[in-house]
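Let me begin by presenting the structure, written as structure tokens, before commenting on it.
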Amino acid sequence: MNGNCILLNGDYTFLGLVDWKKAMGLMFAEKVRILKFSDRVIQGVGRTFRAPAVAVLVKVVRSVYRGRVPFSRRNVLARDRFACAYCGSRIKPITMDHVIPRSRGGKTDFDNCVACCRACNHKKGALLPREAGMALRHRPWQPTIAEFIRIRLRHSGVYGLLVELGLA
Ligand SMILES: [Zn+2]
């Protein structure tokens with residue numbers, strides 16, 4: 001997790017990552033308490049100290065992270081972790097499929113678009129999933145920014161630390 005510190009809101013919900021210098025600055029300003037220090041040793045002037053790994057804000061802030069992720073094809077693929085929503089394949093290229101086809105009034109938004117491998121996209125064409133004999137592995141949804149960050153963190157050591165702390 002490379003110098004990043006997990007920043008939690010005052011209610012212990014996950015806010016995001018800040019670099020350790022920012023976390024130290026917040027600590028000296030008494031805006032955060034450090035819950036956990038990392039193994040990374042920082043060489044300071046005349047002494048060494050450990051970089052903060054998890055910091056919690058002293059107060060609860062209303063956060064932009066509760067906002068909605070803006071729609072884009074890339075963000076749909078990231079939400080679905082670049083795996084086909086029908087068969088689970090990660091074989092590239094992963095395309096984007098409209099669950100309800102555009103030709104039948106399906107919208108281009110997070111609630112109607114999923115990641116889809118080329119084979120499934122070809123098979124489904126302009127049909128509804130059930131017409132094509134296909135089933136979604138998950139329903140599409142509009143992610144919040146906090147959820148989105150969490151999804152992207154699953155691949156990194158940060159997520160394991162959140163689990164370890166009972167926060168994910
Ligand atoms: Zn597929």
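The values are calculated or read from the model by the stated rules, or taken from the named source; none is laboratory data. What you are looking at is a predicted structure, and each value in this text was computed from that prediction instead of being measured. Cβ coordinates were reconstructed from backbone atoms using ideal geometry, including for glycine residues, and neighbour counts include every protein chain displayed. Areas reflect the complete protein model, heavy atoms only, side chains present, ligands, DNA and RNA absent. Shrake-Rupley method; radii C 1.70, N 1.55, O 1.52, S 1.80 Å.
Observations, loosely collected:
- Restricting the stretch 93-119 to residues that are charged (D, E, K, R) and open to solvent by less than 70 Å² (accessible area, probe 1.4 Å), the residue that is farthest from Leu136 (Cα to Cα): Asp109
- Selection status of Lys123, of a type outside the set (Gly, Ala, Ser), assigned to a helix (DSSP H, G or I) and more than 21 Å from the chain's Cα centre (by Cα): yes
- Of all residues in the stretch 60-75, none satisfies being open to solvent by less than 60 Å² (accessible area, probe 1.4 Å), touching a strand residue (DSSP E or B) at 6+ places or on another chain (Cβ under 8 Å) and modelled with pLDDT of 95 or more.
- For Arg79, the criteria (1) under 24 Å from Ile145 (Cβ atoms); (2) free of Cβ contacts under 8 Å to residues at least 60 places away in the same chain; (3) not polar (S, T, N, Q) hold in every case but one, which is (2).
- Test for Arg90: is it open to solvent by 90 Å² or more (accessible area, probe 1.4 Å) and more than 16 Å from the ligand (Cβ to nearest atom): no
- Yes/no for Ile151 being of a type in the set (Val, Ile, Thr), modelled with pLDDT under 95 and assigned by TED's automatic domain parsing to the domain that holds Ala55: yes
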